[in-house]
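Here the structure is laid out as structure tokens; the discussion comes afterwards.
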Amino acid sequence: MQQQGKWFYGWWVVIGGILIMAVMHSLLTTCWGLYVKPVTADMGFSRGAFALCSTIISGVTVFLSPYMGKWLAKKNTRLIHSICIIGMALSYAAFSLATSITHFYIIAFFMGAFSCGAVALPVSIIITNWFVKKRGLAISLALAGSGFGGAVISPIMTQVMQGYGWRESFVVFGILMAVVSLPMALFVMKKSPESMGLKPYGSEEASAVKAEKTANLSAAASDISLAEAKKQGFFWAYIFGIFALCFVGFGSLSQLAAYLADAHDPVFAAAMLSLFLIVVTPGKISLGWVYDKFGTRLGTAYICIIFILSFVCMLYPESKPLMYVMAVLYGLGICSGTVCPPVMTAAMFGSKHYGEIYGFINLFVYVGAALSVPAIALVYDQTGSYYMAWLLCIALCAVSLVALLYSDRQCRVFMSKRLRETA
């Protein structure tokens, strides 16, 4: 982790990303489910109605992602990132003032607008600029912060809500967002190594560059613009695979806490949630290592199969031993939604146009989130259980695996052809 005999600054950027993800992402997604029961019980909403908050947040992100990716890559990244963090923190705290479902929806709109430029997108773009070698590990380390943060914040949030109420919880953790994340954006998350007179990690290692060209041809892919990528069928197959995988991840995660609370007593449910969140951190790190070591195809197959097995366990909620197995498998599988899109995008399309391409792909990540959260909640509202929802998740994971493997293979074929034509 050194460059020219010194500690490479890029690893400080990774640490900054870890802290941002630990607070911002866990509060936005992982811990959001803890509000479902207390808010709906107090305000008289259905779970489906409350789930629309997540849909609005994701929906706004859908429209902003392509633009935000370009802005973060080409304009003042620090300024944009800092403004978005402040806006997201204020929006989160503002939920405490809501007195109707309409208020929740209005605040969710602003939450979505600011979250787009505050959390995973800027972290992924900045870290991609800093790393050529060990990029998968670096990105997964940063994204793993959400699992660590969720494991720490979840029990604290539960205690705050039980002792003071859900409104006070929104205020407390809104403040936490700003206190932890804003200093990282201002002082740690440097846009690129060139801004500090450095080069990306591993860029000077000729053998690593040669191996990368042979393994996944990302050096050739780096010349592909978004406009050119849109003309390729494998690009749209890739987007569909990412969409399906994120549909499953966001939708199931939004209801996991409620699913466990329905099936068992609160103590057991909290224990399973904590176990799952503890597994998420090493799960994301290990997935990044698998991608670096074995490539995108084996890495994607591994994580999709693990995810499918976790939902098979969910079909039998009455078995406590199986719930332990589920928590571990789900903790590994849920990493797909955060690690797969940035790592696979960088591996397939390179870093030159990464901000532009990943911003566009991130649109479909949140389309999946926007549609899945109310869909899973609606299944529960209509059937009184999550059984059919988990069957849907199993099917979509399988379809996603096929689409992603196909797109990866066709991308390699396309790049090989380009190399022959330009040789």
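The values are calculated or read from the model by the stated rules, or taken from the named source; none is laboratory data. Because the structure is predicted, anything quoted here is derived from the model rather than measured. Note: ideal-geometry Cβ built from the backbone for every residue, glycine included; neighbour counts use all protein chains shown. Ligands, DNA and RNA are excluded from the accessible area calculation, which covers all protein heavy atoms including side chains. Shrake-Rupley method; radii C 1.70, N 1.55, O 1.52, S 1.80 Å.
Identify, among Ala49, Thr345, Leu396, the residue whose Cα sits farthest towards the positive end of the charge dipole of the chain, taking +1 on the Cβ of Lys and Arg and -1 on the Cβ of Asp and Glu, with the dipole about the Cα centre. Looking along the dipole axis, the top candidate is Thr345.
If you average the C-alpha positions of the range 228-287 and of the range 144-200 separately, how far apart do those two centres end up, in angstrom? Spelled out, the Cα-based centre of one part sits 20 Å from the other.
Where in the chain is the longest stretch that carries no trypsin sites (Lys or Arg not before Pro) classed as loop by DSSP and with at most 14 other Cβ atoms within 10 Å? So the longest stretch without any such site is 232-423. One quarter of the convex hull surface built on the alpha carbon atoms of the chain amounts to 18.9 nm², the projected area averaged over directions. When only the Cβ of Lys, Arg, Asp and Glu is charged (+1, +1, -1, -1), the dipole of the chain relative to its Cα centre reaches about 1320 debye. Summing Cβ point charges (Lys, Arg +1; Asp, Glu -1) relative to the Cα centre of the range 312-423 gives a dipole of roughly 520 debye. Taking a straight line from the alpha carbon of Lys190, these lysines sit under 20 Å away, with near neighbours fewer than eight places off in the same chain left out: Lys6, Lys70, Lys74, Lys75, Lys133, Lys134, Lys199, Lys352. Only helices enter the 222 nm calculation for the chain: every DSSP H run of n ≥ 4 contributes -39,500 (n - 2.57), and dividing by all residues gives -26500 deg cm²/dmol, rounded to 500.
Only protein atoms count toward the accessible area here, which uses a 1.4 Å probe; on the range 1-108, the carbon and sulfur part of that area reaches 68 percent. In plain terms, the chain from Leu322 to Glu421 could stretch by 30.3 nm, reckoned as 0.36 nm per residue minus the Cα-Cα distance. A straight chain from Ile175 to Ala227 at 0.36 nm per residue would run longer than the Cα-Cα distance by 14.7 nm. In whole percent, how big is the carbon plus sulfur part of the accessible area of the range 276-423, probe 1.4 Å, protein atoms only? Of all accessible area on the range 276-423, carbon and sulfur atoms account for 69 percent. Near Phe131, the amide H atoms lying under 5 Å from its own belong to Tyr201; only residues 5 or more places off or on other chains count, and H is placed 1.01 Å from N. The residue among Thr128, Ser336, Ile153 whose Cα reaches farthest toward the positive pole of the charge dipole of the chain, with charges on the beta-carbon of Lys, Arg, Asp and Glu, is Thr128. Ordering Ser26, Pro200, Phe360 by the projection of their Cα atoms onto the charge dipole of the chain, which places +1 on the Cβ of Lys and Arg and -1 on the Cβ of Asp and Glu, puts Pro200 at the extreme positive end. With all protein chains kept in place, the per residue accessible area of the chain amounts to 39 square angstrom at a probe of 1.4 angstrom.
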